[in-house]
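The structure follows.
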Ligand code: ADP
Ligand code: GLC
């Protein structure tokens, strides 16, 4: 019998994206289908997303077929409920994608915030509506309640809460899984909003969703879900400590076991041998195409490194998490290090300004592109020699995985998923092909500078060693197979 799985999330490729969450949720339907097929089973996956303006634009641009299901309801929330329509499309792998169409909540330029990066003040209502509307329609469109409801991050965290309270009779057998992609974003709302969101009074207990008198949606989701996962084994351990626990470490230690399941990547979308976004293609045994990508990136960036100088890259949200400020500290030293840098990112306005300024002052050594540009991210990752990720914390991180697959050596703070995916046995081991990148232990300019100096020296003085690291990275298997099989196992264990 086919296992029925409903996914609820606030973003998924190709429809809408602000970060790695979209890559993961977009890849899960196929990953789960393939893992099930490999085990001689079958699954039916449906995904529920908000109909953002970004989704509408994607659909219009690609002439994608979207149908109106004819379902138009009011999600029963405070104040007479929230009206929505339900639209449907087929995803890349034949999975059903349902869009909650409520223009008064979703038809805006940003997914979560406005052009000045100020969060919308009705995000609580917006994502409560996503959960509530999905639960209202799910049994009707899925031919009965799903076996598993797998929700992602705080935006979907009210779904397990509603499931166990308002919908317990409609979904007697459905089990829920909450995946935390980032514990730093919890969806904290004033306690006074409980009525407007129609959240059960039981939510207010301290070992549930109560949080210093407020409502904490992620914490509530963790309390009510049948299982909680996060996206790497190391991050699952780290969030039990005050340093990484974002004020929930005590709650996690006392109440909620969190399983770490490492993300995979979409190895078709990110394949240097076939990537249509690259000016030339290559693989681990034929690296000439990568040199072409590098040349064209340098030309586009207007950089002219001296022979032996490494080209470093950054593709990142500009947020405290990512340690982008540590990179800024080192820009004036690129000259001495013997490296050039290309940066693509956006987010925190202060960091954006700081990098614009650095790009202007140190224009021979750094080129900065402020913005969100997926096509450029492929060309940048392919064209660079090394990629910097000095994250202060990193639940999993996908960009370092893309980099390794593209023969671009990651230089990372040894934290979270970066520690789990980048192997650094020291210079000798690296040069012998036994490692995949450079790690450092302290997220400080000195720590990053130390790793950078090692990398740049290896690049300049031991080209064969550098090539061994590139090839070792390119031969890693970061596909979804193992992780998707682990999710399926978890679903089965829950009785799905
Ligand atoms: P996070 O989700 O915390 O931002 P990840 O490394 O998991 O970090 O995923 C980031 C995703 O967003 C990757 O697919 C990366 O390529 C993409 N990305 C980040 N910043 C940009 C940008 N400015 N332009 C295009 N893609 C970006
Ligand atoms: C979050 C995390 C990132 C992770 C991504 C996908 O955005 O910051 O580390 O890779 O989710 O799980």
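List 177, 256, 361 from most exposed to least, where exposure is judged by having the fewest other Cβ atoms within 10 Å. Intermediate results must be reported in sequence, preceding the final value.
Working: 177 23, 256 18, 361 11.
The fewest-first ordering by Cβ neighbours comes to 361, 256, 177.
A further question follows. Calculate the length of the line joining the C-alpha centroid of the range 175-225 to that of the range 48-114, in whole Å.
Centre-to-centre (Cα) distance: 24 Å.
Here is a further query. What is the spin-label model distance, in nm, from residue 115 to residue 450 if the labels are put 7 Å beyond Cα along the C-beta direction?
Spacing of the two 7 Å Cα→Cβ label points: 4.5 nm.
So for 278, 7, fewest C-beta neighbours within 10 Å to most, what's the order? List each step's numbers first, then the result.
Numbers: 278 23, 7 26.
Neighbour counts put them in this order, fewest first: 278, 7.
Here's a follow-up. Kindly state, to the nearest 0.05, the FRET efficiency for residue 274 paired with residue 467, given R0 = 22 Å and r defined as their beta-carbon distance.
Details: r = 22 Å, r/R0 = 1.00.
That gives a FRET efficiency of 0.50.
Let me ask another. Going by how many other Cβ atoms sit within 10 Å of their own, how do 71, 381, 239, 261 line up, fewest first? Numbers along the way, then the final one.
Values: 71 16, 381 27, 239 24, 261 21.
Least to most surrounded, the residues fall as 71, 261, 239, 381.
Still on this model: Between helix 349-361 and the chain, what is the angle of the helix's C-alpha long axis to the longest principal axis, kept within 0 to 90° and rounded to the nearest 10?
20 degrees
Going by a ≥ b ≥ c, the root eigenvalues of the Cα gyration tensor, does the range 288-474 fall in the rounded group (a/c under 1.5), the prolate group (a/b larger than b/c) or the oblate group? The partial results should precede the final answer.
Working: a/c = 1.42, a/b = 1.17, b/c = 1.21.
Taking the square roots of the gyration eigenvalues as a ≥ b ≥ c, the range 288-474 is rounded.
With angles folded into 0 to 90 degrees, how steeply does helix 463-474 sit against the dominant principal axis of the chain? Use alpha carbons for both and round to 10.
Once rounded, one gets 10 degrees.
Where does the chain land at 222 nm, in deg cm²/dmol rounded to the nearest 500, when only DSSP H runs of n ≥ 4 count, each adding -39500 (n - 2.57), divided by all residues?
Numbers: 19 runs with 188 residues, N = 496.
About -11000 deg cm²/dmol.
Another question, then. Multiplying the sequence separation of residue 375 and residue 122 by 0.36 nm and subtracting their Cα-Cα distance, what value in nm do you get?
Full-extension gain reported as 87.9 nm.
Computed from the coordinates by the stated procedures, all read-outs in this text should not be read as laboratory data. As the structure is a prediction and not an experimental result, all values here were calculated from the model. Note: ideal-geometry Cβ built from the backbone for every residue, glycine included; neighbour counts use all protein chains shown.
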